[in-house]
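A.B. asks: One structure, pasted below without further comment.
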Amino acid sequence: MQRSLSFEIFRYTAIALFLALSLIPTLWMVSMAFKPIAEWQASGADLTWWPENPTLDNFRFIFGQSASELIVALERTAGRPILASLLSATFGTLIAMFAGTSAAYGLSRFGAGGNLPLALVQLRLFPPMAVMIPVMIMWAFLGMIDSWWGLALIYGIVTLPFAFWLMKTFFDDMPREIEDAALVEGCSRWRVFLRITLPMMRPALASSALFIFILNWSDYLIALLLTTRDWVTIPVYMASLSSSMTGQLYGAKAALGLIAAVPPVIMGIAIQKQLVRGLTFGALKE
Amino acid sequence: MASISFRNVTKRFGDTLAVDDVSFDIRDNAFFCLFGPPLSGKSTILKLILGLEQPDAGEILIDGRPVTHIGPAKRNVAMVFQNLALFPHMSALDNVRFPLVERRMPKAEIAAKVSAVSEKLHIGHILHKPPAQLSGGERQRVAIARALVRDPAAYLMDDPISALDARLREQTRVELRRIQQELGKTLVYVTHDQEEAMSVADGMAVLRDGRICQTGTPEELYRSPNSTYVGGMLGAPAMNVVPITMASRLSVDAAPRGADQLGVRPENLRVGVGEAGTIADVEPMGAFTTLTVQAGDTTLRATLRGQPKYTVGQPVGLSVDPGRAHFFDEGGAALESARREEERT
């Protein structure tokens, strides 16, 4: 269909507008992260889009070096929270993916655990607070408060339904004949899973894991309730970046936000090939 | 080398009876066709032979040995799936040698077998490619090579060439026949194409709703179908099945007692001078011509050699080659074969 020129202009204008709307806040954060204190505190006519005197002061500040203009002393630096976030989100994702994938395969292929889909949803039927307070009490009883593994465990539990549902859809879509063929050609059930199913599911595993990692990475509520001091995560730490004297430390927050955006982006780029690759293209007759 | 036997095998999926009390024997080295419309149980029978499904009742024997409780990997039967089921994440080569690698065969032996089979199927030049980069016919060959590469007791093929275009299908059909004869192995072939079944099989079973209607050689089934269903399934154009009241109009006498329907194959219907019907349509096909004749309320099809000159609306006389009329009772069962069975007992 031949589209008219005016329609094309309208189309690209609309796309540009939506892009700007969604990207400007992010760009603003990037810009702010490199502004010295005078610039990010500025308002009104003094406001600048780009840092006029770009500096790494904000980054130095959150990692504990006193920046000349910021007289505030930080209770703790960003290093430990970044480590906490990395450990809890990564292991939480591993737990969710391992348990969710196994359960999804069992249900998809053998009908194992017929009530599982609903049972898994029940955790999300209640307001998060109603679930998290009892969890907090249990975790306290088990001595898992303020530990990265306690956090990883609950992350794994709350994101398990996502891993399960995503992987079940992928398993359901995979043609049964491919596994049948491997069975006939001499594989045991386990061999089929390891040699055929898992390699074929790599794109599915990668995209599900990325999705779940981002969920875990951006959690605030759970970390707020289950960590107190040693293992607070990036979002919780970020909330603490303010003082009675200076108010919100926007520059420092922007710097931390920029750092927080890095792991998901790296993961996304790393698995990009998997994300776009067709799942079973070429295996079957069209 | 294997014969395959079903003894009263039944398989249910929920409420549907996929295979209903089926018994048959496939002799060693046969090219055996399971023929029937979609959902008539053909594919389920293959899965039962493979061990991918377990029968609810009855027994399956391979080489006289009950295999009901033997897993698919140990049954030594190879399969070409309808959608080919190549492993998309492996190259064609890895696909072909997969059965041997899984059976831990020495590397040198694997290489020898793979090169032998790829020569036979002319796929040597495409072995490095993944299935996604192969054409339909090439994928076909790779899938067949994967089945042929090891030395199974029998090969099963589930309509493996249905996706190919007509010309390629014909070629592959001939080639399959040749390969089967070379290998000297039992081949069970599922198809819904009567021409395919008739042309390659030396034994076949016609299925309907999970039951076997008739087994025999294609010639036997074509010559003496035991029901209007089998008669109608084999041959194109299909057998004319008309009420027995048409017998006099077609100059057929000596209908057996109880005859309710009369079956005449289009090539056994003679068209001559007379007033039995009028030509409704003429389809010249080259080597033969198909006529559609309106005789009273019934429409009959006749195939004649060459391109005889007939025009639409022309009145014609009809008769049937002597001894080539089929008689069926009310339920559609053949009367002739019933009589033959009586004689036999």
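A.B. asks: So is B:R103 in contact with a Gly (Cβ under 6 Å, 6 or more places away or on another chain), exposed (fewer than 14 other Cβ atoms within 10 Å of the Cβ) and either within 14 Å of another protein chain (Cβ to nearest Cβ) or not small (G, A, S) (or both) or not?
C.D. replies: Criteria met by B:R103.
A.B. asks: Could I ask something else about it? Working only within the range B:209-253, note down all residues that are in a loop (DSSP other than H, G, I, E, B), on the phi > 0 side of the Ramachandran plot and outside the structural domain of B:R270 (by TED's automatic domain parsing).
C.D. replies: Scanning the range B:209-253 gives B:D209, B:G210.
A.B. asks: Restricting to the range A:192-222, name every residue that is away from chain B (no Cβ under 12 Å), of a type outside the set (A, V, I, L, M, F, W, C) and surrounded by fewer than 19 Cβ atoms within 10 Å (Cβ to Cβ).
C.D. replies: A:S207, A:S218, A:Y220
A.B. asks: Which one of these does B:M233 not meet: (1) in contact with a Cys (Cβ under 9 Å, 6 or more places away or on another chain); (2) of a type outside the set (D, E, K, R); (3) over 30 Å from B:G313 (Cα atoms)?
C.D. replies: So the condition that B:M233 fails would be (3).
A.B. asks: What is the one condition in (1) away from chain A (no Cβ under 14 Å); (2) within 30 Å of B:G64 (Cα to Cα); (3) assigned to a helix (DSSP H, G or I) that B:Y189 does not satisfy?
C.D. replies: With (1) away from chain A (no Cβ under 14 Å); (2) within 30 Å of B:G64 (Cα to Cα); (3) assigned to a helix (DSSP H, G or I) applied to B:Y189, the lone miss is (3).
A.B. asks: Can I ask one more? Give the residue, chosen from A:L275, A:L224, A:L279, that is of a type in the set (A, V, I, L, M) and at pLDDT 90 or above.
C.D. replies: A:L224
A.B. asks: Condition check: out of contact with any Pro (no Cβ under 7 Å at 6 or more places or on another chain) and more than 23 Å from A:R195 (Cα to Cα). Does B:K113 satisfy that?
C.D. replies: no
A.B. asks: Every residue in the range A:189-207 that is among the hydroxyl-bearing types (S, T, Y) and modelled with pLDDT of 90 or more, please.
C.D. replies: Within the range A:189-207, just A:T197 meets the criteria.
A.B. asks: Out of B:I49, B:I45, I need the residue that is part of a helix (DSSP H, G or I), under 21 Å from the mean Cα position of the chain (by Cα) and away from chain A (no Cβ under 14 Å). Which one?
C.D. replies: Going through B:I49, B:I45 in turn, the sole match is B:I45.
A.B. asks: Let me ask another. Inside the range B:28-39, can you point out the residues that are more than 23 Å from B:G184 (Cβ to Cβ), in contact with a Lys or Arg (Cβ under 8 Å, 6 or more places away or on another chain) and surrounded by fewer than 23 Cβ atoms within 10 Å (Cβ to Cβ)?
C.D. replies: Selection gives B:P37 alone.
A.B. asks: Further question on the same structure: Please go through the range B:307-331 and pick out each residue that is surrounded by 18 or more Cβ atoms within 10 Å (Cβ to Cβ) and under 16 Å from B:A238 (Cα atoms).
C.D. replies: Correct list: B:V320, B:A325, B:H326, B:F327, B:F328.
A.B. asks: Next question. Name the one entry in A:A182, A:A204, A:A163, A:A209 that is touching a residue at least 12 places away in the same chain (Cβ under 8 Å), touching a Phe, Trp or Tyr at 6+ places or on another chain (Cβ under 6 Å), of a type in the set (A, V, I, L, M, F, W, C) and in a helix (DSSP H, G or I).
C.D. replies: A:A204 is the lone residue from the list that is touching a residue at least 12 places away in the same chain (Cβ under 8 Å), touching a Phe, Trp or Tyr at 6+ places or on another chain (Cβ under 6 Å), of a type in the set (A, V, I, L, M, F, W, C) and in a helix (DSSP H, G or I).
A.B. asks: Being assigned to a loop (DSSP other than H, G, I, E, B) and within 14 Å of chain A (Cβ to nearest Cβ) is the filter here, so list the residues in the range B:109-139 that pass it.
C.D. replies: Once the filter is applied, which keeps residues that are assigned to a loop (DSSP other than H, G, I, E, B) and within 14 Å of chain A (Cβ to nearest Cβ), the range B:109-139 yields B:K129, B:P130, B:L134, B:S135.
A.B. asks: Step by step: first the residues of the range B:14-27, then only those that are assigned to a strand (DSSP E or B) and free of Cβ contacts under 8 Å to residues at least 24 places away in the same chain, then the one that is surrounded by the fewest Cβ atoms within 10 Å (Cβ to Cβ). Which residue is that?
C.D. replies: Residue satisfying both the conditions and the ranking: B:T16.
A.B. asks: Does the range A:167-188 hold any residues that are farther than 17 Å from B:R104 by Cα, more than 7 Å from chain B (Cβ to nearest Cβ) and not hydroxyl-bearing (S, T, Y), and which are they?
C.D. replies: Correct list: A:M167, A:K168, A:F170, A:F171, A:D172, A:D173, A:M174, A:R176, A:E179.
A.B. asks: Is there a residue being in contact (Cβ under 8 Å) with a residue 40 or more places away in the chain and either closer than 25 Å to B:A333 by Cα or not assigned by TED's automatic domain parsing to the domain that holds B:A334 (or both) anywhere in the range B:271-294?
C.D. replies: Checking the range B:271-294: not a single residue is in contact (Cβ under 8 Å) with a residue 40 or more places away in the chain and either closer than 25 Å to B:A333 by Cα or not assigned by TED's automatic domain parsing to the domain that holds B:A334 (or both).
A.B. asks: Which ones in the range B:140-176 are away from chain A (no Cβ under 11 Å) and acidic (D, E)?
C.D. replies: B:D151, B:D165, B:E170, B:E175
A.B. asks: Just to be sure, is B:L183 modelled with pLDDT under 85, surrounded by fewer than 16 Cβ atoms within 10 Å (Cβ to Cβ), within 17 Å of B:S3 (Cα to Cα) and out of contact with any Lys or Arg (no Cβ under 7 Å at 6 or more places or on another chain)?
C.D. replies: Taking the combined requirement at face value, the residue satisfies it.
A.B. asks: Can you name the helices (runs of 4 or more DSSP H) wholly within the range A:44-134 that have at least 3 residues being modelled with pLDDT under 90 and hydrophobic (A, V, I, L, M, F, W, C)?
C.D. replies: Correct list: A:57-62, A:116-121.
A.B. asks: Looking only at residues that are touching a residue at least 12 places away in the same chain (Cβ under 8 Å) and more than 24 Å from A:L86 (Cβ to Cβ) in the range A:242-273, which one is surrounded by the most Cβ atoms within 10 Å (Cβ to Cβ)?
C.D. replies: Looking at the filtered set, the residue picked out is A:Y250.
A.B. asks: Something else: For the range A:102-113, state whether one or more residues are touching a residue at least 40 places away in the same chain (Cβ under 8 Å), more than 18 Å from A:M174 (Cβ to Cβ) and surrounded by 15 or more Cβ atoms within 10 Å (Cβ to Cβ).
C.D. replies: No; the residues of the range A:102-113 include none that is touching a residue at least 40 places away in the same chain (Cβ under 8 Å), more than 18 Å from A:M174 (Cβ to Cβ) and surrounded by 15 or more Cβ atoms within 10 Å (Cβ to Cβ).
A.B. asks: If I ask for residues that are surrounded by fewer than 20 Cβ atoms within 10 Å (Cβ to Cβ), more than 21 Å from A:E179 (Cα to Cα) and in contact with a Pro (Cβ under 8 Å, 6 or more places away or on another chain), which ones from the range B:40-82 would you list?
C.D. replies: B:E59 - this is the single residue of the range B:40-82 that is surrounded by fewer than 20 Cβ atoms within 10 Å (Cβ to Cβ), more than 21 Å from A:E179 (Cα to Cα) and in contact with a Pro (Cβ under 8 Å, 6 or more places away or on another chain).
A.B. asks: Kindly establish whether B:P88 is within 14 Å of chain A (Cβ to nearest Cβ), assigned to a helix (DSSP H, G or I), surrounded by 20 or more Cβ atoms within 10 Å (Cβ to Cβ) and within 30 Å of the chain's Cα centre (by Cα).
C.D. replies: Considered against the rule, which asks whether it is within 14 Å of chain A (Cβ to nearest Cβ), assigned to a helix (DSSP H, G or I), surrounded by 20 or more Cβ atoms within 10 Å (Cβ to Cβ) and within 30 Å of the chain's Cα centre (by Cα), B:P88 comes out as no.
A.B. asks: While we're on this one: Can you tell me how many residues in the range B:274-306 are of a type in the set (K, R) and surrounded by 13 or more Cβ atoms within 10 Å (Cβ to Cβ)?
C.D. replies: Number satisfying all stated conditions: 1.
A.B. asks: Oh, and also: Answer with yes or no whether B:G58 is more than 14 Å from chain A (Cβ to nearest Cβ) and small (G, A, S).
C.D. replies: Taking the combined requirement at face value, the residue satisfies it.
A.B. asks: Here is a further query. Between B:S162, B:S199, which is farther than 22 Å from B:M90 by Cα, assigned to a loop (DSSP other than H, G, I, E, B) and under 16 Å from the mean Cα position of the chain (by Cα)?
C.D. replies: B:S162
The values are calculated or read from the model by the stated rules, or taken from the named source; none is laboratory data. Keep in mind that this is a model prediction, so the values were computed, not measured. Note that we place each Cβ from the backbone using ideal geometry, even for glycine, and neighbour counts take in every protein chain shown.
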